[in-house]
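The values are calculated or read from the model by the stated rules, or taken from the named source; none is laboratory data. None of these values were measured; they are calculated from a predicted model. For neighbour counting, all protein chains shown are included, and Cβ atoms are generated from backbone atoms with ideal geometry for every residue, glycine included.
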Amino acid sequence: MKNRVWGGLIALVLIWVIAGVIVGAVRTSRPTPEKLEAFLTKNPIGEISGAPREQVIAKVTSQLNALTFEQRQTLREGGSIREFFEQLTPDERSRFLDLTLPEGFRQLMNALNKMDEARRKKIVDRVLEDLRSNNPEIAARLGESDSQLIISKGLSSFYEEADSNVKLDFAPVIEQLQRATQNMR
């Protein structure tokens, strides 16, 4: 009887150790903004070409898509993802946007749907101000085709996934985006 109890305890301890190792491995392999920034620093896209360049772009894409909405915001604030994007060729930029925008917009819509009205209003006001003051700069930095792609994917995601309160709150932003799009043409 005593041997069975000890055997059971040993088995239980082993199971917990194995579970701890698995949880630790998952946590260390999960992308974070810091890990992605470190990867971008170690792999400056401007200095590589060919297959290694494609591998870096693919890894950045997969890591970016694995980040949460809040983590993506942290990464954007750091500026490293913008620097990376600006060093891509026009074809690479389009492909990168095609692969990362849908997940980013999905996360954004989920976050907006969960937000209270007061916080959403602050965001609307900030976005409107940014659109009004930075529109020429944004268009020049991205290029017309990339700007159009972002706007169309964003609007598509917005209409599909935003709830009615979010749509109502963001109506002024949509109007400003439409004006900006017309000015770009």
Inset, instruction - Determine whether region 51-72 contains at least one residue that is in a helix (DSSP H, G or I), surrounded by fewer than 14 Cβ atoms within 10 Å (Cβ to Cβ), over 10 Å from the mean Cα position of the chain (by Cα) and among the charged types (D, E, K, R). - result: yes
Legend entry - Cross-chain or 6+ apart pairs with Cβ under 8 Å, region 32-45 first and surrounded by fewer than 16 Cβ atoms within 10 Å (Cβ to Cβ), then at pLDDT below 90 and part of a helix (DSSP H, G or I): 41/80
Inset, instruction - Take region 45-65 and flag every residue that is in contact with a Leu (Cβ under 9 Å, 6 or more places away or on another chain) and more than 14 Å from residue 96 (Cα to Cα). - result: none
Legend entry - Odd one out for residue 123, checked against (1) in contact (Cβ under 8 Å) with a residue 24 or more places away in the chain; (2) assigned to a helix (DSSP H, G or I): (1)
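Here is a list: 163, 116, 169. Which entry is at pLDDT 75 or above, buried (at least 16 other Cβ atoms within 10 Å of the Cβ), of a type outside the set (A, V, I, L, M) and on the phi < 0 side of the Ramachandran plot?
On the way: 163 fails: buried (at least 16 other Cβ atoms within 10 Å of the Cβ); 116 fails: buried (at least 16 other Cβ atoms within 10 Å of the Cβ).
169 is the lone residue from the list that is at pLDDT 75 or above, buried (at least 16 other Cβ atoms within 10 Å of the Cβ), of a type outside the set (A, V, I, L, M) and on the phi < 0 side of the Ramachandran plot.
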Legend entry - Criterion: at pLDDT below 80, in a helix (DSSP H, G or I), in contact with a Lys or Arg (Cβ under 9 Å, 6 or more places away or on another chain) and closer than 24 Å to residue 44 by Cβ - qualifying residue of 141, 76: 141
